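Below is one structure, written out as structure tokens, with a few remarks after it.
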């Protein structure tokens, strides 16, 4: 016999029916609330948006099955866009869209295009066109987020990127990073688009401002970005390869050697350019030696970098003349 029910004056049957009724009424009550008041609706969207933005940055990033993650992320991205139709100025959702579309375009579209190019050039080009479109979409979301935080930013950024970025603060670093990464990636796939190539100073302004604010951000993510960027930067202090090497060494230091992509990026960009085959092989071996659990929050990035490392090793005789 359940003494708790006796004490509150209810029977087990009555209690069960009441619980069932509450379960059925709860979703209906939520729907009614969403339909009846903007403030409640906005609150719900804020909660969903915050959870979605967090999951985009943690749950997917720590996923160990890259195929599963690739199947899941389009739904998350479309849900993010649906929520943005309701709250176009939600900077957390805008940031989630910017980072999500950039990562999806690289890991699941551009990189596969690289892998198949030798066998199917036209399909590889089609994939790169898709990746470019997603990068530009990501960039629009990132710039919208900066506009929300700094009204008038968009107009100032178009006129003078460096001057506009001077107003950014440490709270803007992540958004500036994804704005730079998405635009830089789009430009790299637009060799015949002079209008887009002319936006290179915008990439430089964003990444340089973020670096000035916190060069150690996110375990050396900015240092890693600058490894490859120094090779295409219009101007800089000292030879480009030396600047790239300094950024690489610092990225390895800040990540504790747990960033497989730092090794891959330097090997592919600098070691190949310098035709240093020995260094190239050593760096890719280091990338492949990084355990997946070395940085659980970046597990997916490690897997993607190691995929590229294996592909590069297969091409070593094409990349080096001797």
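The values are calculated or read from the model by the stated rules, or taken from the named source; none is laboratory data. Values in this document were obtained by computation on a predicted structure and should not be read as measured data. In this analysis, Cβ positions are derived from the backbone assuming ideal geometry, glycine residues included, and neighbour counts consider all displayed protein chains.
Data overview
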item	result
Some residue of region 190-206 being assigned to a loop (DSSP other than H, G, I, E, B), closer than 27 Å to residue 274 by Cβ and not assigned by the TED database to the domain that holds residue 258	yes
Matching option when the condition is surrounded by 18 or more Cβ atoms within 10 Å (Cβ to Cβ) and closer than 30 Å to residue 42 by Cα, among 108, 178	178
Among the candidates 226, 183, 222, 168, residue that is assigned to a helix (DSSP H, G or I), surrounded by 15 or more Cβ atoms within 10 Å (Cβ to Cβ) and not assigned by the TED database to the domain that holds residue 295	183
Count of region 257-275 residues which are under 16 Å from residue 223 (Cβ atoms) and not in a helix (DSSP H, G or I)	3
Filter result for the condition that a residue is farther than 20 Å from residue 207 by Cβ and at pLDDT 95 or above, over 172, 114	114
Some residue of region 281-290 being part of a loop (DSSP other than H, G, I, E, B), modelled with pLDDT under 95 and not assigned by the TED database to the domain that holds residue 169	no
Single match in 212, 240 (criterion: at pLDDT below 95 and surrounded by fewer than 19 Cβ atoms within 10 Å (Cβ to Cβ))	240
Residue 217 being under 15 Å from residue 98 (Cβ atoms), touching a helix residue (DSSP H, G or I) at 6+ places or on another chain (Cβ under 9 Å) and touching a residue at least 24 places away in the same chain (Cβ under 8 Å)	no
Scope region 291-322; condition touching a residue at least 60 places away in the same chain (Cβ under 8 Å) and either under 21 Å from the mean Cα position of the chain (by Cα) or not assigned by the TED database to the domain that holds residue 241 (or both); matching residues	292, 295, 296, 297, 298, 299, 300, 301, 303, 304, 307, 308
Long-range neighbours under 7 Å by Cβ, at least six apart or interchain, first residue in the same structural domain as residue 300 (by the TED database) within region 252-280, second assigned to a loop (DSSP other than H, G, I, E, B) and crowded, with 16+ Cβ neighbours inside 10 Å	258/290; 258/294; 258/295; 260/290
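Rundown of residues vs (1) part of a helix (DSSP H, G or I); (2) in the same structural domain as residue 264 (by the TED database); (3) surrounded by 14 or more Cβ atoms within 10 Å (Cβ to Cβ); (4) modelled with pLDDT under 95, yes/no style:
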| residue | (1), (2), (3), (4) |
| --- | --- |
| 67 | yes, no, no, yes |
| 98 | yes, no, yes, no |
| 102 | yes, no, yes, no |
| 156 | yes, no, yes, no |
| 163 | yes, no, no, no |
